[in-house]
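What follows is one structure encoded as structure tokens, with my remarks underneath.
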Amino acid sequence: MRDGAIIGRSRALVSAVPTAVLVGAIRVYQAVISPMTGPTCKYYPSCSQYALVAVRRHGPLRGSGLALWRILRCNPWSLGGVDDVPPARDHEHRGARTH
């Protein structure tokens, strides 16, 4: 097996574990806590659904940052409305080899 394939799989695993933990925590919130508060979100999709999509689409670090920014914007002075998660960025890393 090539070293590049091993490194690629290791990176995928390092990203998959925190993503799975965050997705699990959001799902627990949606199943246990959210039903007790009722529909209170001013935005569509709800903040927890936004967080779920953001973490899955952008990974644990950027997805958590987007979710936190969304929660901070959800306040009594906000108008609310439709607020979709931005699309994932396509970018090349500096110094990355292209074959």
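The values are calculated or read from the model by the stated rules, or taken from the named source; none is laboratory data. Just so we're clear, the structure is a prediction, and the values are computed from it rather than from any experiment. So basically every Cβ, Gly included, is an ideal-geometry build from the backbone, and we count neighbours across all protein chains shown. Accessible surface is based on the protein model in full, side chains and every heavy atom, while ligands, DNA and RNA are left aside. Shrake-Rupley method; radii C 1.70, N 1.55, O 1.52, S 1.80 Å.
The table below gives the values:
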{"read-out": "Phi to ³J(HN,Hα) by Karplus 6.51 cos²θ - 1.76 cosθ + 1.60 over the range 29-46, Hz, x for Gly, Pro", "value": "4, 5, 7, 10, 8, 4, x, 6, 8, x, x, 10, 6, 7, 9, 10, x, 4"}
{"read-out": "Portion, in percent, of the accessible area of the range 51-92 that falls on carbon or sulfur, probe 1.4 Å", "value": "62 percent"}
{"read-out": "For peptides 44-55, 17-28, 77-88, 60-71, sequence by mean Cβ density within 10 Å, most packed first", "value": "44-55, 60-71, 17-28, 77-88"}
{"read-out": "Neighbourhood charge, 12 Å Cβ-Cβ cut-off, centred on VAL53 and excluding it, Lys, Arg +1 and Asp, Glu -1", "value": "+1"}
{"read-out": "Residue list for the range 23-63, given a label point 7 angstrom along the Cα-to-Cβ vector of ASP84 and an amide N cut-off under 12 Å", "value": "45"}
